[in-house]
Amino acid sequence: MTGPNEDCRTVSAGLQYLRKHAIDCHRSGDGLAVNHLATVAIRRCGSFATTDERKSVVYREIQWALILGLYWMVDDYIFYLVEERLKAAELELSDDPAKDMIVMLHNHLNHPHAEHKWDDYSYPTAAWWELQFASSESRDELLIGFIFLIELVWYQSPYGEEWKKLASACRDSCPNKGWQRDFAKLEERLSIQASLYGGTIGQEIESNSEKVSPEQLLLSGWRLYQACDHESLAKVIGQLNTKVDANSAIYRSFFTLVHFSRMHIKDSEDQFVSLPRYKYVSSKQPIAFVIQARKEAESEALAELAIAGFPGGSLGRQRWIRFRMAMLLQLQALRTWDVGLWLEGLKTRGESRVELGQHQDLSLVLDGLFDLVVSRGFSSIEKSELLKNRIQLADFTNNEKRAAFVSNLLALPATYWRHVADVLSALSDAIPEEVLSDVAAWSVSVEQNDLISMLWTHSLLGFWKEILPFTSNSTELIESLTPAIVSASRKPGLWEELHNVFVASLANGEISSALLLAETMSSTQCGEHHFVQYRYSVFINAYELRPELRAELLPCLEADARLLGNEFFAKTLQKRTGNDKLADVKQLRKEDLRSALLKQIRDRSDLSGTRVSMIESTYNRIVSFYKWTRSDEELVNALLEAVESHTVLFTDKFDYFLVLSKLITLGPKTQAKRIVKRLLSLLLNGIPGKNFGFEKSGPLTNFTYSGNTKSSLYEVTLIGLQNAVVAGVARDAICNALLEWIPGKCHEFFPELRPRVAKLVFRLILDIAEDKEDLAAILAGHAEALVLVSMPSKPAEVVSVFSQEFLSDDGVARLKKLSPKALWRVTVMKQWVVRLQRMSKHPSPDTRYAVAEAVTRWAEEELEYADAIRPVRDALSKDPRMRVRKAASQSKVS
Amino acid sequence: MISNRPLPDPNSTLHEARDFIFASSLTRRAFDSSRKNLANFVGDLLDATHRLSLACHLPEFTDHGLPHLCSLVDRISCWGLPGVGGTYLPESLAPDDAADLLVATLIHDLGMLSQNPCDLPQPYSPDLDPSQWTSRALWVRTTHVVRLPRLLPRLMLDYSKNYEEFFDPACPSNLLRAVEVAMAHQKWPWQWAADGGLDAIGRALAAVVSVADLLDEDAGRCDTTTLLQHRGGDELNRAHWMRHALTADRILITNGSISVDVKKPPGTTHLTKPIYSALRNHFRLISLYEADLRAIDAPITNINLNPSTGIPLTNTDLLKNWNALEGFDNESALTFQLLRTFMGEALKSPTRCSQETLTQLAVASLEDVDLAVLEAAQGSTEPRSPLEQTFEAIVGGVS
């Protein structure tokens, strides 16, 4: 049996053996080996440290394991081991700088967002260092530990003072000249790299000098990349290529610069060769496995969160892992100037922060969004419902923080402009009004910059469509934006994308600016119908909204209608303007329209299932312009036969359903009744038909294209039924059908169409309430069921349909005539008060907008429960979204 | 005074070795064989071995070149047969048998000096492909025997087309039996029967090669001091070099007996006993060849081990600073590392030997080896990494 001293010596010897190998592995970047050795040491010591003497031996001998274990973390296991050991050693902040350093490392990794107290922290002193170097043992882990701590403190606040204070204290007190240089180099590197988090690389580098190092050239390259100066970037890449070997440590960093800029550099290597080479070369470096392990840990944590639906109160460990792996990846990347890897880590950090912000501090959402922009962590907001939902959270941040966030976005270099525009588009009318003029100035300077064409886009003005109609100073903004808007208007290709911006400018701008815009668009030559129709559309809308412009707009409208040659445009213009100058545009006689429709039905029935492209019908657009006073059995029969056919393509049926739904209101009531009954049958029993197939023969014959065509058909059916109810046609039949259909089928029905069914039911309730209160009460119950199943996915739409029926002029008039005590009414109105109160806090601005419209009208009309509704309106009048504030002060429901 | 002194002949080792081997009784008996070109063949074979060991020797290995071959040839040449009369083994062999024995001895480790996978038998199992091995040295050691049949003709036909007859199965003077004898040294005698290629004499010759090789364990096998101080390597490499230092003197077979003196590193105690148990067992394994050696009247009936139990009393200065070596901090670590160098049979390890093997080992009267240190370091539920095993060996039984 050996004595206690002997035991301590034995264990010390073993730990020193592991330490030596761990330091060697650390130097070669073999982090997984270090991780393994540190775990072995800490675990073993846990069972050994049972007396005070043993504890002190163990603590001294495993400092390296605690430091290096945290440094090379690839998951949370070692973190818990370190935490366990620190607790067991009962380490609080004390007067030993090494102990304090380890405790601070742990604290910073455990709580990266918290403010850490440095008041009692023991900074290293010269005397302390002397003591450390007194023995012949190396103390490399101390250098590693202090450097890591400085990096972590810097990471939390790159422009703060604390990390500089710590770095200076280490550098000034340390007697080892080599270590002093290391601290000084670290300070220099971190000072330069701080600017990365602001989105720009902070220093101009003279890259022409032969003495410039590869790291400096890399920095220069990234700066040029951000500025979209691809010509100069190509030169720098050429210079770097002469200094970088495929086996050198800096190859990875060089590769990411090349890969990011590949599309912009002429004669760059094909990525199908370059990427596999990179993966192969990287696989020879142990550090690559550490990076891979961290990414895998992060991905696994993300998958667990996603599967669980990102719940609020649980899975904290997974969130912890995500954030920390991102942090460690970024720090790792910055040590070798691997900006590409740093961007990957930044993207993860951004996602993690946005997600954390949902459940904790909302300002994290803004920080996370900024990270995502800088890391180009999302390619298109349109494609990501999740991201859109999260950006909406920014609405609830402090106005000042949001303003600062927008200002920071505007300061980003050219390479980020598209993503800045994406975020501004999502924020839109939540952008604080006090910074809108800055945003306008940014828009103008960006639009006029040639670099915009390098960003694979022709304009970044699109996001103004969500702002100009709602802001209180739209005229001033439009004045500022006019140079950019007028310039964009000269490009017919932008008329569709910027349609609403042009309309808002014409409607709300200074008359001189509006005239200039109108004149510019009118005088732009454009032969393509595809673009002309958008100019037509812009002008016809402006014609409605701005009488002062009509004289300017009309000649162009007439010319475009002629150019388009389609009677739809001519008839629309005639209707809007009341002039008949376009009578000479070829227009069908009614008989010809009928024949053309019948021919279309017949031709398409013959071709069904074999045709591979869609033929657009224009006939459904002009049906409403003709008088259909008599029953047209032949046409209606043909249409009904086509919509009920099993062999006609769904895409063709869309035209027929549209015509039928219009004929309900245009023709005699008997005809309308017949149509309604058949539509009801289709609603109850399903619409038959065929989808496009992949092949006529072969193994894929039974496979079809999927799409939203069927949903559109049901939507048009519902529109037709709505028309019927409004026209007072077959109301009872519709009511009975819905009473049968809703309980059995609505939960299976297309979620996007349920609000439309609810609208139909609301309308029916109001129509029958006077004579059939009981039936109205039953319908009210069914409506509530529909609302409940629709709310989770379509809250804004459900609120809107309620407003459209109950709070429109017609709806209010009816409510005021009907008994306020009727059961159906009490049911509906009471439930909706509570619902509107709740939905006024919904994260979606569209929902809050719909609520604002509803409560404004409700309060103005002094309907029942108005006292409960008014506070909701008051709260919404202070909403972060301009449209919501505006709606809370407007009257009419649109 | 400036003089044009001739540079030393870089091939002097080859010349000395060739002279030594050619002068041995085994070779002289072999050259009485009727095989034409045998002398040239052996000379060229030694030249090839010399070139290979200069160019291709792996640093992880101890010597498998000319010094080792000289030692084996000498041991065989001096193999004293039991009984009165002082007869030596070569004299009792027919010349053709002596020739086969000589060639087998010279080629048995040729594969250790070559690393080209083209010599693998065709077709070969994917397991043998070098790409499946993380350690080149381990691949070489594991495949050195199976590569011999293709390596040898590839090597020797470069010297002379006259040597084709030695590889022609139809030719009566071929050396294919020598190749089989050489290949047999990687297996135990009871495993030779499964291959079915060797007759009784062939088995006896194989036994001679195996025993001679087994007994080449002494300090002369490698320069332990220089290796420990100057060559890079891991703990297992160092343990191999240190093990040779424990057997101070060359072991020769005299009158059907061997005597082995074992020494210990200074300052070590009974805690290192398992090392010597394993080492004694290593020598006792020659008993497994007794039956086959009897076919040529060359059994080794006495194995004198000093000490026969326990730990040696004498120190070896070659290992005086053993505990300053990384990974050998104490006796527990020393024992662990040295035990790793022994084959499973010497350890009488039930986890590394099949039941059949353990049954066969009974004739060797092996002593039990305390494997507690080895097992504790290797881990009982999951295998540990080499660094981790060394650490556990150092901290030993401290709890």
* **Lone unmet requirement of (1) in a loop (DSSP other than H, G, I, E, B); (2) crowded, with 17+ Cβ neighbours inside 10 Å for A:A777** => (1)
* Given the residues B:V373, B:V369, which is the only one that is buried (at least 20 other Cβ atoms within 10 Å of the Cβ), more than 11 Å from chain A (Cβ to nearest Cβ), touching a helix residue (DSSP H, G or I) at 6+ places or on another chain (Cβ under 9 Å) and modelled with pLDDT under 95? -> B:V373
* To do: Sort out which residues of the range B:320-338 are more than 11 Å from every other protein chain (Cβ to nearest Cβ) and assigned to a helix (DSSP H, G or I), and write them in order of number.
  => B:W322, B:A324, B:L334, B:T335, B:F336, B:Q337, B:L338
* Structure fact -> The one condition B:V398 fails out of (1) assigned to a helix (DSSP H, G or I); (2) within 14 Å of chain A (Cβ to nearest Cβ); (3) open to solvent by less than 50 Å² (accessible area, probe 1.4 Å) is (1)
* Structure fact -> B:R284: passes all of (1) in contact with a helix residue (DSSP H, G or I) (Cβ under 7 Å, 6 or more places away or on another chain); (2) more than 23 Å from B:N302 (Cβ to Cβ); (3) modelled with pLDDT of 95 or more; (4) open to solvent by 20 Å² or more (accessible area, probe 1.4 Å) but (2)
* Complete set of residues in the range A:26-39 that are open to solvent by 20 Å² or more (accessible area, probe 1.4 Å) and at the interface with chain B (Cβ under 9 Å from one of its Cβ atoms) -> A:A33, A:H36
* Test set (1) more than 8 Å from chain A (Cβ to nearest Cβ); (2) aromatic (F, W, Y); (3) over 23 Å from the mean Cα position of the chain (by Cα); (4) not in a loop (DSSP other than H, G, I, E, B) - B:F391 fails condition number -> (1)
* To do: Mind listing whichever residues of the range A:10-22 are surrounded by fewer than 21 Cβ atoms within 10 Å (Cβ to Cβ) and more than 9 Å from every other protein chain (Cβ to nearest Cβ)?
  => A:S12
* To do: Quick one: which residue in B:D47, B:D32, B:D74, B:D63 is outside any helix (DSSP H, G or I) and within 30 Å of B:G233 (Cβ to Cβ)?
  => B:D63
* **Residue in the range A:40-79 that is farthest from the other protein chains (Cβ to nearest Cβ), counting only those that are open to solvent by 10 Å² or more (accessible area, probe 1.4 Å) and β-branched (V, I, T)** => A:V74
* Asked: Does the range A:130-153 contain any residue that is more than 24 Å from A:P175 (Cβ to Cβ) and either open to solvent by less than 10 Å² (accessible area, probe 1.4 Å) or touching a helix residue (DSSP H, G or I) at 6+ places or on another chain (Cβ under 9 Å) (or both)?
  -> yes
* Within the range B:339-361, track down each residue that is assigned to a helix (DSSP H, G or I) and either within 14 Å of chain A (Cβ to nearest Cβ) or within 23 Å of B:P307 (Cβ to Cβ) (or both). => B:L339, B:R340, B:E345, B:A346, B:L347, B:L361
* Structure fact -> Condition set among the charged types (D, E, K, R) and within 19 Å of A:G316 (Cβ to Cβ), scope the range A:336-366, selection modelled with the highest pLDDT: answer is A:R349
* Is it true that B:Q191 is among the polar types (S, T, N, Q), surrounded by 16 or more Cβ atoms within 10 Å (Cβ to Cβ), assigned by the TED database to the domain that holds B:G111 and closer than 28 Å to B:L338 by Cα? -> no
* Asked: Where in the range A:409-516 are the helices (runs of 4 or more DSSP H), entirely inside, with at least 1 residues that are under 30 Å from A:L257 (Cα atoms), open to solvent by less than 50 Å² (accessible area, probe 1.4 Å) and modelled with pLDDT of 90 or more?
  -> A:417-427, A:436-447
* To do: Check the range B:298-316 and report whether any residue there is open to solvent by less than 20 Å² (accessible area, probe 1.4 Å), more than 14 Å from chain A (Cβ to nearest Cβ), touching a residue at least 12 places away in the same chain (Cβ under 8 Å) and outside any loop (DSSP other than H, G, I, E, B).
  => no
* To do: Could you name every one of the helices (runs of 4 or more DSSP H) located completely within the range A:803-894 that has at least 3 residues being under 20 Å from A:L766 (Cβ atoms)?
  => A:809-817, A:823-839, A:845-860
* Take A:S261 and decide whether it is open to solvent by less than 10 Å² (accessible area, probe 1.4 Å) and hydroxyl-bearing (S, T, Y). => yes
* Could you figure out which of (1) outside any helix (DSSP H, G or I); (2) within 19 Å of B:L148 (Cα to Cα); (3) free of Cβ contacts under 8 Å to residues at least 40 places away in the same chain isn't true of B:Q115? => (3)
* When the residues of the range B:217-264 are filtered to those that are among the acidic types (D, E) and open to solvent by less than 20 Å² (accessible area, probe 1.4 Å), which remaining residue is nearest to A:L18 (Cα to Cα)? -> B:E235
* Does B:P67 satisfy being within 17 Å of B:M183 (Cβ to Cβ) and open to solvent by 50 Å² or more (accessible area, probe 1.4 Å)? -> no
* Among what's in the range B:376-388 and is more than 8 Å from chain A (Cβ to nearest Cβ) and within 21 Å of B:L325 (Cα to Cα), pick the residue that is surrounded by the most Cβ atoms within 10 Å (Cβ to Cβ). => B:A377
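The values are calculated or read from the model by the stated rules, or taken from the named source; none is laboratory data. Fair warning: this is a prediction, and the values are worked out from it, not measured in the lab. Heads up, the Cβs are rebuilt from the backbone with ideal geometry, glycines too, and the neighbour counts pull from every protein chain shown. When the accessible area is computed, the model is the full protein with side chains, heavy atoms only, and any ligands, DNA or RNA have been set aside. Shrake-Rupley method; radii C 1.70, N 1.55, O 1.52, S 1.80 Å.
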